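Here's the structure we're looking at; comments come further down.
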Amino acid sequence: MPMKFLRHFLYVVLAALGSSVLGALFGVGIAFISPDFVRGLFGTSESTDLIRYAAAVGMIWGLFLGTGVMGFTLALSTLVLSVRILRGQPVDSGK
């Protein structure tokens with residue numbers, strides 16, 4: 001059981017970090033396409049390096065969204081497993 005917990009915890013961490021990288025790439029892409037949109041959305045000054053700022057904001061939002069989605073997925077799988085146990089159905093050991 002402890003190894004299963006560790007595996008699920010690592011899934012959450014890796015999904016959050018992957019989402020953070022995707023969020024940074026998305027933020028940089030938006031900054032390249034429409035720098036005025038990014039400047040107006042976040043209220044940055046003219047002296048701010050817009051690409052780096054958009055990457056940082058994208059990483060933060062990607063981290064939040066990735067952690068939330070992975071947490072929801074794990075909660076849903078735990079709920080399904082709990083229902084199977086309560087119904088007396090066989091449960092896969094996951095080995």
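The values are calculated or read from the model by the stated rules, or taken from the named source; none is laboratory data. It should be emphasised that the depicted structure is a prediction, and the values quoted were computed from it without experimental measurement. Note that we place each Cβ from the backbone using ideal geometry, even for glycine, and neighbour counts take in every protein chain shown. What goes into the accessible areas is simple: the full protein's heavy atoms, side chains included, and nothing from ligands, DNA or RNA. Shrake-Rupley method; radii C 1.70, N 1.55, O 1.52, S 1.80 Å.
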For residues that are in contact with a Phe, Trp or Tyr (Cβ under 7 Å, 6 or more places away or on another chain) and without any contact (Cβ under 8 Å) to a residue 40 or more places away in the chain, scanning just region 54-70, find the one that is surrounded by the most Cβ atoms within 10 Å (Cβ to Cβ). G58
Being under 14 Å from G66 (Cα atoms), open to solvent by less than 50 Å² (accessible area, probe 1.4 Å) and hydrophobic (A, V, I, L, M, F, W, C) is the filter here; which residues of region 14-48 pass it? A15, A16, A24
Within region 1-25, residues small (G, A, S) and over 11 Å from the mean Cα position of the chain (by Cα) come out as A24
Quick test for you: out of V57, V83, pick the one residue that is assigned to a helix (DSSP H, G or I), among the aliphatic types (A, V, I, L, M) and over 25 Å from V13 (Cβ atoms). V83
Matching residues in region 27-60 - criterion: being modelled with pLDDT under 85 and of a type in the set (G, A, S): G40, G43, S45, S47
Only one of (1) assigned to a helix (DSSP H, G or I); (2) out of contact with any Ser or Thr (no Cβ under 9 Å at 6 or more places or on another chain); (3) at pLDDT below 80 does not apply to K95, and that is (1)
